[in-house]
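The values are calculated or read from the model by the stated rules, or taken from the named source; none is laboratory data. Small disclaimer: the values here were computed from a predicted structure and weren't measured. No Cβ is skipped: glycine too gets one built from the backbone with ideal geometry, and neighbour counts run over all protein chains shown. Note: areas computed on protein heavy atoms with side chains; ligands, DNA, RNA excluded. Shrake-Rupley method; radii C 1.70, N 1.55, O 1.52, S 1.80 Å.
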Amino acid sequence: HQGNNNLRPRFLRCLLSTMSSTQPPRVPNLIGGSFVDSQASSHIDVINPATQEVVSQVPLTTNEEFKAAVSAAKQAFPSWRNTPITTRQRVMLKFQELIRKNMDKLALSITTEQGKTLKDAHGDIFRGLEVVEHACGMATLQMGEYVPNVSNGVDTYSLREPLGVCAGICPFNFPAMIPLWMFPIAVTCGNTFVLKPSEKDPGASVMLAELAMEAGLPNGVLNIVHGTNDTVNAICDDDDIRAVSFVGSNTAGMHIYARAAAKGKRIQSNMGAKNHGVVLPDAHVDATLNALLAAGFGAAGQRCMALSTVVFVGNSKSWEDKLVERAKALKVSCGTEPDADLGPVISKQAKERICRLIQSGVDDGAKLLLDGRNIVVPGYEKGNFIGPTILSGVTPDMECYKEEIFGPVLVCMEASSFDEAIDILNRNKYGNGAAIFTSSGAAARKFQMEIEAGQIGINVPIPVPLPFFSFTGNKASFAGDLNFYGKAGVDFFTQIKTVTQQWKDIPTSVSLAMPTSQ
Ligand code: NAD
């Protein structure tokens, strides 16, 4: 991979020194082991959301380039699938080491393109790194089953075989974690991969691919194509792609689910959310308030597991007063500022949409306890900042409740009983996550049993499972059968072959009846 390694410092240098250069660097595709500039006629600016500076330009990859990437993945498959699993694991072992070594550079790229604070960017990478660590044990995870002597002299065993070329389509909010949910498991199972990063922050994906190649991933095993709808549709339609992993909004996710399924592909589609936190009067006050602040405003609310709605059981006034007081103390600034608690939202359009949803809440009769819309951040006046915002007295019919806001906005509701709170949550169309704050084990257990969301937190605000479990959103937050990572992730990237073998003396008579076990 000599050639690829030579390119690595070039892209890193370009990306990290944008401020002084006049021409922003073009983000390369990765095709068959080479980082290549696209011949695309159109590019999209990748914009630093805290400053509006153009960080780089991402190509709308041409169809020929897309086909070349799929063809490279297809060509690499036969030899990669036959590469010993121990060798594939060792590539991941080296890869996780290189990610650790390059953590700061990756984090700076994420903060520059996506806006989250450097500390949060480290968390983004670390959560992905843990999936890579898990993939290092793939030989055990991918084991088949064996039953000896199912009939006289006959044994049956099953193998988990890779599918072939798989593809991943990523959202903007976790530029490292989500690509790392996808390709490390896919390739360690023996598949080859085509990754389509978010066009809003593709830098981390390119850096991760550079590191994966440096770790020993052979040419063509991982490919990257940039773009938007056309590239995504090409992935859905391509006959050589066997499976598609998608994370993003419901509009795109359901479109991809239908279009790729029509071509007979496997799909796992993680989509939008409206996660509720139920606060019972017996909850620990300090711990609960801190959890609500962190999960509501962290990453400027741009997490699919953000706790964007709080349902207070009983009177909410004293809780809300304290929440407002603490939220006011949070520091909003550029993510590279050491004391920043939350950075900007991803784009001007996102800011406008969030502000519109806040106003819709006010118009519908909610009380705006804290308004972050007009915040000005000294030194970053052009940034897409919104300060922590709290709406109270929200009801299920309001648009600000029904829509996923995806910004630093906490929507507060009241329920007169625990049962009413459970009912509110279960009537919501999404089912990604839900949390309860209480000191009652019985209440927590009832919540766990009755809530329809796929990931439950008990005094834990963002219950994203570690990679030995899976990410298990349900209802409108997920489409498909097999979730991301964990056992389900391995199942998604493998198909079962069942072998029945007979080793005994040659039978002397012929029987045309269906064989039965005897
Ligand atoms: P998005 O749907 O706009 O974009 C995701 C990807 O789909 C991008 O790569 C984009 O290029 C592509 N895309 C967008 N519109 C498309 C279309 N019409 N046709 C084909 N492709 C299209 O999502 P986003 O704004 O980048 O991410 C935010 C969303 O992702 C939120 O809804 C959030 O809840 C969700 N999300 C969910 C999870 C989860 O695990 N459930 C995790 C992270 C983010």
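Couple of notes before you dig in:
- Residues satisfying the stated conditions in region 190-207, i.e. part of a loop (DSSP other than H, G, I, E, B), within 16 Å of the ligand (Cβ to nearest atom) and surrounded by 24 or more Cβ atoms within 10 Å (Cβ to Cβ): Pro197, Ser198, Asp201, Pro202
- For the condition buried (at least 19 other Cβ atoms within 10 Å of the Cβ), within 11 Å of the ligand (Cβ to nearest atom) and not β-branched (Val, Ile, Thr), Cys170 qualifies.
- Candidates Gly248, Gly298, Gly272, Gly264 - the one that is of a type outside the set (Ser, Thr, Tyr) and open to solvent by less than 10 Å² (accessible area, probe 1.4 Å): Gly272
- Whichever residue in region 208-234 is open to solvent by 10 Å² or more (accessible area, probe 1.4 Å) and more than 12 Å from the ligand (Cβ to nearest atom) and, among such residues, is nearest to Ala69 (Cα to Cα): Asn219
- The set of residues from region 483-518 being open to solvent by less than 50 Å² (accessible area, probe 1.4 Å) and part of a loop (DSSP other than H, G, I, E, B) comprises Asn483, Tyr485, Phe493.
- Contacts under 7 angstrom Cβ, first residue in region 164-175 being farther than 21 Å from Thr83 by Cβ, partner in a strand (DSSP E or B) and within 10 Å of the ligand (Cβ to nearest atom), 6 or more apart: Ile169/Lys196; Ile169/Phe246; Cys170/Lys196; Cys170/Val247; Pro171/Val247
- Residue pairs whose Cβ atoms lie under 7 Å apart, sitting 6 or more positions apart in sequence or on different chains, and linking a residue in region 218-233 that is at negative phi to a partner that is outside any strand (DSSP E or B) and of a type in the set (Phe, Trp, Tyr), are Pro218/Trp80; Val221/Trp80; Leu222/Phe183; Val225/Phe66; Thr231/Phe66.
- Among (1) more than 15 Å from the ligand (Cβ to nearest atom); (2) out of contact with any Cys (no Cβ under 7 Å at 6 or more places or on another chain), the one test that Ala186 misses: (2)
- Matching option when the condition is small (Gly, Ala, Ser) and away from the ligand (no atom under 15 Å from the Cβ), among Gly441, Gly473: Gly441
- Under the condition of being more than 17 Å from Pro197 (Cα to Cα), in contact (Cβ under 8 Å) with a residue 40 or more places away in the chain and assigned to a strand (DSSP E or B), the residues counted in region 35-71 number 0.
- Restricting attention to region 435-453, the residues that are in contact (Cβ under 8 Å) with a residue 24 or more places away in the chain and either open to solvent by less than 10 Å² (accessible area, probe 1.4 Å) or among the polar types (S, T, N, Q) (or both) add up to 7.
- For region 64-83, the set of residues classified as open to solvent by 40 Å² or more (accessible area, probe 1.4 Å) and in contact with a helix residue (DSSP H, G or I) (Cβ under 9 Å, 6 or more places away or on another chain) consists of Lys67 only.
- Output for region 395-434, where each listed residue is of a type in the set (Gly, Ala, Ser) and open to solvent by less than 10 Å² (accessible area, probe 1.4 Å): Gly407, Ala415, Ala421, Gly431, Gly433, Ala434
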